[in-house]
Amino acid sequence: MSMLRAMQRNRLNVDLTAARRGASVIALCLLTACATRLDQAPVVDRTAPLGTAAAQPAVPLGPPPPGYYRVKPGDTLYRIALENGQSYRDIATWNNLANPNQIEVDQLLRVVPPGANPAASTPGVVTAPVPGGNVTSVPSASVPPIVGSGAGAAAVPPPQASAGDMAAPAGSIALAWPVRGPVLNGFDDTKNKGIDIGGAAGDPVKAAGDGRVVYAGNGLRGYGNLIIIKHDATYLTAYAHNRTLMVKEGDAVTKGQKIAEMGNTDSDRVMLHFEVRRQGKPVDPLKYLPPQ
């Protein structure tokens, strides 16, 4: 009898041990399953407030007010000055720019003198010339529509026109030819903002009129060694691709004075690219030059 009881007690212990082991295995499986679900649960960023809308794109800037210019990608202060008929140093002064080479896209720049009427950029009255100038202040008229002569690979002879046909607009300036040579490419306002005059390397380039040098250098891409002369508050002339520059910024020059030597900097051939700018807008130089 005692032996039977001992056997029953041992079997009960074995069953309890097996039950405990089974419970441990089940608990371990449950924990493993929970851990697996937690590892696969998505991560949610709780740092942003609930209901916050996605960032909206920047609102495009409106057009600049009269007398101002908004900087675009690729702009330089030199080109902005040329396109607005001003000296780059003046624009730098009006906008308190310590370094003319540091301007930013979308920056708003004043391109007319402080206190000046922005409407003066439209045809009105030609103001007094810069020192050394010889332009009389008279009411100006709109430049008549220009018909481009088109660019050609071969040189074309200078146009044979009467003095009346070649007369410059009222209130403008009469310019002299900066060099004597064939007109290689004419003005067309889109592809060529001036005329290209052929010649030989080293030929003298002369000022087309009295004025003051507002730029002398090679900072405008596509122009090579360039000189810009300001004749008055309305007119500029530009002389590009020179081999050598004979004047510097700030120099007063007179009509017919040698200012450079012809070359081919930033050009595939020797020539002078000559522009006339009326209030920053390119106009046909042949309207301001006498027949050759």
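Has the stretch 264-272 got any residue that is polar (S, T, N, Q) and surrounded by 22 or more Cβ atoms within 10 Å (Cβ to Cβ)?
no
For the structure I just gave you, tell me whether G256 is within 27 Å of G74 (Cβ to Cβ) and not in a strand (DSSP E or B).
No.
Since every read-out is calculated from the coordinates, none of them should be taken as a lab result. A quick note: this is a predicted structure, and the numbers were derived from the prediction, not measured. Every residue, glycine as well, gets a Cβ built from its backbone with ideal geometry; the counts of neighbours run over all protein chains shown.
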